[in-house]
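Asks: I'd like to ask you about the structure that follows.
The values are calculated or read from the model by the stated rules, or taken from the named source; none is laboratory data. This one's a predicted model, so the numbers in the text were calculated from it and none came from an experiment. Cβ placement follows ideal geometry from the backbone for every residue including glycine, while neighbour counts extend to all protein chains displayed. These accessible areas exclude ligands, DNA and RNA; they are computed on the full protein's heavy atoms, side chains included. Shrake-Rupley method; radii C 1.70, N 1.55, O 1.52, S 1.80 Å.
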Amino acid sequence: MIPPNENWLRSAILIESAIACGTGSAIISPGSRNTPLAHSAIMQNALDCHVNIDERSAAFTALGIAKATGKPVILICTSGTATANYYPAVVEANLSRIPLIIITSDRPAHLQNRGAPQTINQSNLYGSHVKSFLNVAEKIHSIQELDEFVKSIMGAFRPLRSQNIGPVHVNCPFDEPLQPIKIDSNKIRQRWDYALRVIAEKIPFDDRLNTKLERSSIKLIEQLSKLNDVCILAGPGAAQNLPEAHIFSDIIESINAPLFADIASGVRHLPNCINYPDLIHATKTMNKYNSGTIIWFGGYPTSKRLATWLAGAENVYRVQEYDQIIDPDHVVKGTIHTDIQSFSNLVMTSDVQFTGNRINDDLNSLDDKISMSMNHQYTSEKYPLDMYACATVLDVLPKGSNLVLANSMSIRYVDNFCSLNKEVRVFANKGVNGIDGTISTAAGVAIASKQPTVLIIGDLAFLHDINALVFVRDQGINLTIILLNNNGGGIFHYLPSYNSLREFDKLNNCKFDSFEAIQGTPQNVDFDLLCKGFGISYHACHVQSELSIVEECLIGNDVNVVEVFCDRTATHDYVNMLVDEIAKL
Ligand SMILES: Cc1ncc(C[n+]2csc(CCOP(=O)(O)OP(=O)(O)O)c2C)c(N)n1
Ligand SMILES: [Mg+2]
């Protein structure tokens with residue numbers, strides 16, 4: 001399609017350049033100022049376009065697609081507050097290094113700072129949360145300006161193909177006309193042909209650094225291999241996909257070290273991985289290994305017990321190819337800058353032999369004891385329904401499907417109390433740990449993967465993103481939302497403030513329960529009615545047997561909400577009892 005006028009020409013160049021950088025999808029939110037962008041995107045055969053009316057949800061959907069595909073996703077919105085609604089997802093994408101191409105439309109310069117509607121300062125709107133920002137030229141007067149225009153876009157897109165990957169932002173001002181009328185078709189055709197040539201010549205560039213191991217890193221690994229009791233910690237995002245998980249498996253085999261893998265690490269399903277990495281650290285037996293050497297891949301662990309172990313370890317070394325400091329406890333002694341393939345090549349083929357690992361067998365038998373205990377708990381009728389629902393989901397999920405875990409207790413129940421023994425892709429927004437945008441992220445994962453996707457989510461996180469229900473309903477995806485409704489924030493029961501707020505209330509004869517007021521925050525929502533309003537299938541589960549519905553939901557192309565009624569106080573008491581039991585091992 002030849003762009004009809006200059007607004008469409010600039011838009012089409014932006015879209016074409018994004019496609020050349022590997023994107024295959026776009027999420028568009030409606031508006032007037034972004035008509036040239038939205039129309040140019042939707043006319044592109046190479047793009048899978050979706051329309052989401054809520055920009056906050058749209059951005060999280062894009063995040064989900066980018067996570068599932070590993071490719072950048074375009075976001076297009078109008079000017080004003082629409083652009084600010086992308087913020088939470090941009091922040092998450094930045095810290096979890098997920099590529100998004102944010103294209104915001106804007107009013108032209110002569111309408112800025114003059115009280116024009118829907119007009120804010122969109123320059124550098126996302127500050128340090130994006131890898132690059134570009135305000136593109138408002139008009140192109142000559143071929144030379146066109147050349148500069150295309151090259152400026154390429155400059156802005158460069159982080160998409162570098163180790164410094166993450167969201168990029170291009171702000172595009174549009175003056176009238178905002179409708180696809182023809183102006184000077186000859187001139188536009190000439191410029192379009194020229195722009196296409198420049199894009200083809202210059203993109204794709206590749207700025208990824210050589211992450212082959214340097215001599216100093218090899219030396220460091222040699223030193224580590226001589227130490228006793230080396231453990232591997234795989235934090236969130238340690239492996240981005242199944243092929244990377246297989247490389248991990250090779251590493252573990254060569255090193256013969258125990259693997260403690262976070263549920264969002266991408267490697268928790270590996271057979272040579274500790275089944276209950278959190279609970280094993282609750283046992284008294286584990287105390288004697290607490291000061292060993294840890295080789296740490298990926299992000300900060302979800303499990304509090306793993307985090308405490310990490311903070312107290314004597315030798316902690318990170319393996320990562322990107323340039324981002326991940327060390328909240330200031331314990332990392334050194335970083336081996338490499339990709340996991342190069343690391344694997346070294347430990348599999350060279351003279352580096354990890355010889356001092358006596359603990360693997362010990363830990364495996366301890367892990368087996370925990371598994372037996374957990375199987376026993378799971379089969380008891382007293383097992384809390386929220387934890388039972390999580391274990392059931394892991395049982396029935398087919399190989400190749402997706403599991404999306406909301407922050408708060410949903411991810412903790414699965415991470416701490418479930419084992420994962422099949423190839424299921426697990427997703428969680430662990431960059432910033434927000435409880436926002438989770439339904440939208442899951443929608444993105446389901447759209448991109450075309451595989452059954454189960455989301456486990458708390459009631460407050462669900463309420464945070466109900467606008468997404470309008471969007472997911474019409475996508476033709478298999479999405480099952482397990483809504484763990486404990487009427488408020490269950491996670492706060494596990495924090496010291498739970499007891500201290502109550503004691504404070506008692507001492508001061510307070511007339512209200514301050515814990516419930518500021519942290520418990522029950523919302524008393526009728527989710528059955530809510531789902532009906534959105535036209536989404538709903539199922540209630542009050543007892544274990546009713547959870548058999550989950551397996552039925554995994555067939556077909558529907559969105560189902562399964563509400564699991566649970567009690568945050570009772571589950572908290574049970575968890576304490578369970579951990580006390582495990583601690584005896
Ligand atoms: C956007 C955002 N707001 C607030 C928080 C703080 N926060 C963490 S967990 C939580 C409660 C979540 O409740 P729910 O989703 O019902 O899960 P539960 O704790 O009951 O498992 C809150 C408010 C956050 N992480 N992200
Ligand atoms: Mg809750």
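Asks: How many of the residues making up segment 60-94 are assigned to a helix (DSSP H, G or I) and of a type outside the set (V, I, T)? Steps first, please.
Replies: Going through segment 60-94, the residues assigned to a helix (DSSP H, G or I) turn out to be 60-69, 81-84, 87-94.
If we keep only those that are of a type outside the set (V, I, T) too, we end up with 60, 62-64, 66-68, 82, 84, 87-89, 92-94.
Number satisfying all stated conditions: 15.
Asks: Next question, about the same structure. State all residues of segment 458-474 that are assigned to a helix (DSSP H, G or I) and either of a type in the set (F, W, Y) or away from ligand 1 (no atom under 12 Å from the Cβ) (or both); if no residue qualifies, say none. Reasoning before the result, please.
Replies: Within segment 458-474, the subset assigned to a helix (DSSP H, G or I) is 459-464, 467-473.
Once the filter is applied, which keeps residues that are assigned to a helix (DSSP H, G or I) and either of a type in the set (F, W, Y) or away from ligand 1 (no atom under 12 Å from the Cβ) (or both), segment 458-474 yields F462, N467, A468, L469, V470, F471, V472, R473.
Asks: Could you check segment 420-435 and list, in sequence order, the residues that are within 16 Å of ligand 2 (Cβ to nearest atom) and either in contact with a strand residue (DSSP E or B) (Cβ under 9 Å, 6 or more places away or on another chain) or in contact (Cβ under 8 Å) with a residue 40 or more places away in the chain (or both)?
Replies: Let us first name the residues in segment 420-435 that are within 16 Å of ligand 2 (Cβ to nearest atom), namely 433-435.
Passing the criteria: G434, I435.
Asks: Exactly one condition in (1) touching a strand residue (DSSP E or B) at 6+ places or on another chain (Cβ under 6 Å); (2) modelled with pLDDT under 95 is false for V561; which is it?
Replies: The single condition V561 does not satisfy is (2).
Asks: So, one more: Could you identify the single residue in S408, S419, S449 that is touching a Phe, Trp or Tyr at 6+ places or on another chain (Cβ under 8 Å) and at pLDDT 95 or above?
Replies: On the way: S408 fails: touching a Phe, Trp or Tyr at 6+ places or on another chain (Cβ under 8 Å); S449 fails: touching a Phe, Trp or Tyr at 6+ places or on another chain (Cβ under 8 Å).
After applying the criteria, what remains is S419.
Asks: Within segment 29-46, can you find the residues that are touching a helix residue (DSSP H, G or I) at 6+ places or on another chain (Cβ under 8 Å), open to solvent by less than 20 Å² (accessible area, probe 1.4 Å) and within 19 Å of G80 (Cα to Cα)?
Replies: Within segment 29-46, S29, P36, L37 meet the criteria.
Asks: Hey, among the residues in segment 487-503 that are part of a loop (DSSP other than H, G, I, E, B) and open to solvent by 20 Å² or more (accessible area, probe 1.4 Å), which one's nearest to ligand 1 (Cβ to nearest atom)?
Replies: Going residue by residue through segment 487-503, those that are part of a loop (DSSP other than H, G, I, E, B) are 487-489, 495-496.
Okay, now just the ones that are also open to solvent by 20 Å² or more (accessible area, probe 1.4 Å), so 487, 495-496.
On the way: N487: 8, L495: 10, P496: 15 Å.
Ranking the candidates gives N487 first.
Asks: Give segment 311-330 a look and list any residue that's assigned to a loop (DSSP other than H, G, I, E, B) and in contact with a Gly (Cβ under 8 Å, 6 or more places away or on another chain), or say none. Give the derivation first.
Replies: Let us first name the residues in segment 311-330 that are assigned to a loop (DSSP other than H, G, I, E, B), namely 313-314, 321-330.
Hits for segment 311-330 are A313, E314, I326.
Asks: Next question, about the same structure. Across segment 448-465, which residue is nearest to ligand 2 (Cβ to nearest atom) among those that are over 12 Å from S410 (Cα atoms) and charged (D, E, K, R)?
Replies: For segment 448-465, the residue satisfying everything is D465.
Asks: Let me ask something else. Check V525 against each of (1) more than 16 Å from ligand 1 (Cβ to nearest atom); (2) surrounded by 13 or more Cβ atoms within 10 Å (Cβ to Cβ); (3) of a type in the set (V, I, T) and name the one condition it does not meet.
Replies: (1)
Asks: I want to confirm something. Restricting to segment 187-202 and keeping residues that are among the aliphatic types (A, V, I, L, M) and either outside any helix (DSSP H, G or I) or under 15 Å from W8 (Cβ atoms) (or both), which single residue is most open to solvent (accessible area, probe 1.4 Å)? So that I can check it myself, show each step before the final result.
Replies: To start, the set of residues in segment 187-202 that are among the aliphatic types (A, V, I, L, M) comprises 188, 195-196, 198-200.
Okay, now just the ones that are also either outside any helix (DSSP H, G or I) or under 15 Å from W8 (Cβ atoms) (or both), so 188, 195-196.
Numbers: I188: 9, A195: 0, L196: 58 Å².
It comes out as L196.
Asks: From A41, A46, grab the single residue that is of a type in the set (A, V, I, L, M, F, W, C), free of Cβ contacts under 8 Å to residues at least 40 places away in the same chain and not in a helix (DSSP H, G or I).
Replies: Working: A41 fails: not in a helix (DSSP H, G or I).
Selected residue: A46, the only one of A41, A46 that is of a type in the set (A, V, I, L, M, F, W, C), free of Cβ contacts under 8 Å to residues at least 40 places away in the same chain and not in a helix (DSSP H, G or I).
Asks: Continuing with the same structure: Give the residues of segment 252-263 that are in contact (Cβ under 8 Å) with a residue 24 or more places away in the chain and either farther than 24 Å from K430 by Cα or open to solvent by 10 Å² or more (accessible area, probe 1.4 Å) (or both), sorted by residue number.
Replies: Quick first cut of segment 252-263, residues in contact (Cβ under 8 Å) with a residue 24 or more places away in the chain only: 254-263.
S254, I255, N256, A257 - these are the residues of segment 252-263 that are in contact (Cβ under 8 Å) with a residue 24 or more places away in the chain and either farther than 24 Å from K430 by Cα or open to solvent by 10 Å² or more (accessible area, probe 1.4 Å) (or both).
Asks: I'd like to check which helices (runs of 4 or more DSSP H) are fully inside segment 334-405 and have at least 3 residues that are under 30 Å from V579 (Cβ atoms) and small (G, A, S). It would help to see each step written out before you state the result.
Replies: Numbers: elements: 340-349, 359-378, 385-396.
In segment 334-405, the matching helices (runs of 4 or more DSSP H) lie at 359-378.
Asks: Let me ask something additional. Filtering segment 466-498 down to residues that are of a type in the set (S, T, N, Q) and farther than 24 Å from L397 by Cα, which residue is farthest from ligand 2 (Cβ to nearest atom)? Talk me through it step by step, then tell me what you get.
Replies: Filtering segment 466-498 down to residues of a type in the set (S, T, N, Q) leaves 467, 475, 478, 480, 485-487, 497.
Narrowing further to those that are farther than 24 Å from L397 by Cα: 467, 487, 497.
On the way: N467: 19, N487: 7, S497: 16 Å.
Checked segment 466-498; the qualifying residue farthest from ligand 2 (Cβ to nearest atom) is N467.
Asks: I457 passes all but one of (1) within 27 Å of P384 (Cβ to Cβ); (2) over 19 Å from the mean Cα position of the chain (by Cα); which number fails?
Replies: Checking I457 against (1) within 27 Å of P384 (Cβ to Cβ); (2) over 19 Å from the mean Cα position of the chain (by Cα), the one that fails is (2).
Asks: Still on this structure, I have one more. Can you name the residue in segment 405-433 that is touching a Leu at 6+ places or on another chain (Cβ under 9 Å), near ligand 1 (Cβ under 9 Å from one of its atoms) and polar (S, T, N, Q) and, of all such residues, is most open to solvent (accessible area, probe 1.4 Å)?
Replies: S408
Asks: Then there's this: So if I check each of N135, N121, which one is open to solvent by 80 Å² or more (accessible area, probe 1.4 Å), out of contact with any Gly (no Cβ under 8 Å at 6 or more places or on another chain) and polar (S, T, N, Q)? It would help to see each step written out before you state the result.
Replies: Numbers: N135 fails: open to solvent by 80 Å² or more (accessible area, probe 1.4 Å).
Of the residues listed, the single one that is open to solvent by 80 Å² or more (accessible area, probe 1.4 Å), out of contact with any Gly (no Cβ under 8 Å at 6 or more places or on another chain) and polar (S, T, N, Q) is N121.
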